[in-house]
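Worksheet: the structure to be examined is printed underneath.
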Amino acid sequence: MNHPSTISSKLPKNGQSIFSIMSGLANEHDAINLSQGFPDFNPDERLTKLVTEGMRKGFNQYAPMPGLMDLREVIADKTYELYGIDYSAPDEVTVVPGATYGIFAAISAVIKEDDEVILFEPAYDCYVPAIELNGGKPIRVELKFPNFNIDWAEVAKLITFRTKMIIINTPHNPSGCVLGPEDLKQLAKLVHGSDIIILSDEVYEHIIFDNTRHESVAYYPELAERSFIVSSFGKTYHTTGWKMGYVLAPKNLTRELRKVHQFLAFSTSSPMQYAYSKMLKNPKTYNGLPQFYQEKRDYFAELVRGSRFELLPCSGSYFQLLKYDKISDERDEDFAKRLTIEHKIASIPISVFYRNKTDNNVLRFCSRNTMHDLNISLVQTIVAWEDKQTNLDHFTNIIETISDTDLVVLPEMFNTGFSMNPSKNGESMEGPTIQWMKHVTEQKQFELAGSLIIEENDKYFNRFVKVSPSGETEYYDKRHAFSMAGEDKVFTKGSERVVWNTKGWKICPQVCYDLRFPVWSRNDSAYDVLLYTANWPEKRISHWLALTKARAIENQCYVAAVNRTGQDGEGIHYNGNSVIIDFDGQSLVHDEGQDVVLSFSLSKEKLDNRRAQFPVLNDRDSFSVGLA
């Protein structure tokens, strides 16, 4: 059916969005959809239960037009705590049905025929239609590739008597770059003494990485007094489908915003507002987001490394840009479609975010997806005394039987046993055991870790080494020498705690006796798995079982600990008891005495959920360890 007369479109240049096109293509070809910006995991169960609680308490009718007062007050409190600025909950905070809506309402509130609005490309696709529907004229400034920085001198030249608004977005969609303090100072200088309004799109304010401060315009009084700040509950609480956000603005700007809002949606979901008003009172629910999403960014980056894609800098948001000029010279739209159809991965071509279709051979991928489980295997077995070749042959046969794993862990000094004779048994990082590990990982395509005696600069180390299929090595030197066996007399103690990255998982490696020293393993939210390799004697095995459980509980992490079996050359007996323990101290796999491979799949989602529900690490003391 069609209307009988010709329709003159108000947005003639706008058709089906690239997001719909690429998602449709992904569905058609059963591809992994990394094109759209939303999580593939559920929100905190506490939030969904609070929505139900709100409905049962009667929050089922229209909310007040500006939003529930309880929610607006909590938003004002949060903003003050974060940015040191006091917004009036009754007059300067407005709850809206989504950040895109808030942006449209803010533009509609102040932009009139022939008003000019400066914006930066590549730009989120809702800005220009909102400007044009209100009769305004978009004035575009291209961010400087590849770092997407702003040339403020260029911006200054574009300001005229018609300039009514400047739109900024940090962290930035699609680039993932962020504005710094100097950018905000330059902006303040540009608009000083003018009537120019700032629209600051800050929906990714809590998804910012590498300990970078989010530079909200709220930090700068001379900007805050002329700014709409748009924020998103959907991005912060993994609830993009609920379409909930809010706008902060001075009283006179808020008054104009609400004039538009009352005739568009009037209000938004009452029970969801109730839920957010309760959830937002706990800062821990958003203060942990930088680390949470940085792990996902790092995991995505790890998967890409070694390919011909080039990772561009990413300091915030869900998104990671990849440059593909070493793979193809196709236009980005064509390459994105081919990648989806032929290789089953959907992305977004960056040229669609420019009016002139600027093409730098770059695609945008959403890196916010759930990390894969970590499949870990512990090899619990006898170790021949100071007989390297026999041990390497033995482990070769065992490893040949292992499949479908990501990381295989061998006992402490797996090629010699716990020997205090390093001059006989030590070797370099280019020696035969490391070469054997590289050969095994290349053949089996999983990572392999275990400790051995390494000689370096005329010193000997009990070194826990991890080798990847690419041949890359990482290591940790045992910190605590077992003086009762004379280890401190012949080995040099390590001086640094390290964290390995495997499939995006943060793994803290330690060796045997380190287990007795909780300060050394104390988790400052740096790792997900505490990994021990050991030769732990049978007569003290009760200590081993108690301490591994304690380390898992106190550090709210998984513990994977492998121990040997049999008898060594000093007559000491070992009975295994290798174990994998979860963050609540529950044993996931455990074996006493047998020669066996213990395997388990660790769930990052379960770990993250537990840390969110019971965030004990947030209450830890702050201190550092002095090393002698």
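Summary table
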read-out: Residue under evaluation Val352, criteria (1) over 21 Å from the mean Cα position of the chain (by Cα); (2) surrounded by fewer than 16 Cβ atoms within 10 Å (Cβ to Cβ), criterion not met; value: (2)
read-out: Selection within region 424-439 - in contact (Cβ under 8 Å) with a residue 12 or more places away in the chain, open to solvent by 10 Å² or more (accessible area, probe 1.4 Å) and outside any loop (DSSP other than H, G, I, E, B); value: Lys424, Glu427, Pro432, Trp436, Lys438
read-out: Complete set of residues in region 531-547 that are small (Gly, Ala, Ser) and open to solvent by 10 Å² or more (accessible area, probe 1.4 Å); value: Ser542, Ala546
read-out: Among the candidates Ala63, Ala76, Ala106, residue that is modelled with pLDDT of 95 or more, part of a loop (DSSP other than H, G, I, E, B) and in contact with a helix residue (DSSP H, G or I) (Cβ under 9 Å, 6 or more places away or on another chain); value: Ala63
read-out: Matching entry among Pro39, Pro4 (being of a type outside the set (D, E, K, R), modelled with pLDDT under 95, within 26 Å of the chain's Cα centre (by Cα) and over 17 Å from Leu280 (Cα atoms)); value: Pro39
read-out: Close pairs (7 angstrom Cβ cut-off, 6 or more residues apart or separate chains): in contact (Cβ under 8 Å) with a residue 60 or more places away in the chain and closer than 20 Å to Ser521 by Cβ in region 485-496, of a type outside the set (Gly, Ala, Ser) and open to solvent by less than 20 Å² (accessible area, probe 1.4 Å) anywhere; value: Phe491/Pro422; Phe491/Asn462
read-out: Every residue from region 501-521 that is surrounded by 18 or more Cβ atoms within 10 Å (Cβ to Cβ) and either touching a Leu at 6+ places or on another chain (Cβ under 7 Å) or modelled with pLDDT of 95 or more (or both); value: Thr502, Trp505, Ile507, Cys508, Pro509, Gln510, Val511, Cys512, Tyr513, Asp514, Leu515, Ser521
read-out: Test: Asp477 is acidic (Asp, Glu) and either touching a helix residue (DSSP H, G or I) at 6+ places or on another chain (Cβ under 7 Å) or free of Cβ contacts under 8 Å to residues at least 12 places away in the same chain (or both); value: no
read-out: Residues of region 459-494 satisfying the condition of being loosely packed, with under 15 Cβ neighbours inside 10 Å, assigned to a loop (DSSP other than H, G, I, E, B) and not polar (S, T, N, Q); value: Gly471, Glu472, Gly486
read-out: Top-ranked residue of region 50-60 - restricted to ones that are touching a helix residue (DSSP H, G or I) at 6+ places or on another chain (Cβ under 7 Å) and outside any loop (DSSP other than H, G, I, E, B), ranked as least open to solvent (accessible area, probe 1.4 Å); value: Gly54
read-out: Residue that is farthest from Leu531 (Cα to Cα) [pool: residues in region 397-421 that are open to solvent by less than 10 Å² (accessible area, probe 1.4 Å) and not in a loop (DSSP other than H, G, I, E, B)]; value: Ile399
read-out: Answer from Leu452, Leu392, Leu407 - the residue that is among the aliphatic types (A, V, I, L, M) and closer than 30 Å to Glu605 by Cβ; value: Leu407
read-out: Close pairs from region 62-80: first farther than 15 Å from Phe233 by Cα, partner of a type in the set (Val, Ile, Thr) and modelled with pLDDT of 95 or more, Cβ under 7 Å, at least 6 apart; value: Ala63/Thr268; Pro66/Thr94; Pro66/Val95
read-out: Evaluation of Ala449 against (1) touching a residue at least 60 places away in the same chain (Cβ under 8 Å); (2) of a type outside the set (Val, Ile, Thr); (3) more than 23 Å from Asp404 (Cα to Cα) (one fails), failing number; value: (3)
read-out: Complete set of residues in region 134-157 that are within 25 Å of Gln36 (Cα to Cα) and either among the aromatic types (Phe, Trp, Tyr) or part of a helix (DSSP H, G or I) (or both); value: Phe145, Phe148
read-out: Single residue of Glu45, Glu92, Glu73 found to be under 29 Å from the mean Cα position of the chain (by Cα), open to solvent by 30 Å² or more (accessible area, probe 1.4 Å) and of a type in the set (D, E, K, R); value: Glu45
read-out: Ala384, sole failed condition from (1) open to solvent by 40 Å² or more (accessible area, probe 1.4 Å); (2) in a loop (DSSP other than H, G, I, E, B); (3) not charged (D, E, K, R); value: (1)
read-out: Strands (runs of 3 or more DSSP E) lying entirely in region 160-269 (those with 3 or more residues that are touching a residue at least 60 places away in the same chain (Cβ under 8 Å)); value: 197-201, 227-232, 245-248
read-out: Residues (hydrophobic (A, V, I, L, M, F, W, C), modelled with pLDDT under 90, in a loop (DSSP other than H, G, I, E, B) and touching a Ser or Thr at 6+ places or on another chain (Cβ under 9 Å)) located in region 7-36; value: Ala31
read-out: Number of positions in region 125-152 that are farther than 21 Å from Ser17 by Cβ and among the polar types (S, T, N, Q); value: 2
read-out: Qualifying position, being under 28 Å from the mean Cα position of the chain (by Cα) and in a helix (DSSP H, G or I), among Arg551, Arg497; value: Arg551
read-out: Out of Pro146, Pro221, Pro174, sole residue that is open to solvent by 10 Å² or more (accessible area, probe 1.4 Å), in contact with a Leu (Cβ under 8 Å, 6 or more places away or on another chain) and not hydrophobic (A, V, I, L, M, F, W, C); value: Pro146
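Rundown of residues vs (1) open to solvent by 20 Å² or more (accessible area, probe 1.4 Å); (2) assigned to a loop (DSSP other than H, G, I, E, B), yes/no style:
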site: Tyr286; (1), (2): no, no
site: Pro290; (1), (2): yes, no
site: Leu303; (1), (2): yes, no
site: Leu321; (1), (2): no, no
site: Glu330; (1), (2): yes, yes
site: Arg338; (1), (2): yes, no
site: Glu342; (1), (2): yes, no
site: Phe365; (1), (2): no, no
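The values are calculated or read from the model by the stated rules, or taken from the named source; none is laboratory data. These numbers come from a predicted model, not from an experiment. Glycine gets a Cβ as well: all are built from the backbone with ideal geometry, and neighbour counts include every protein chain shown. Keep in mind that these areas ignore ligands, DNA and RNA; they rest on the heavy atoms of the full protein, side chains included. Shrake-Rupley method; radii C 1.70, N 1.55, O 1.52, S 1.80 Å.
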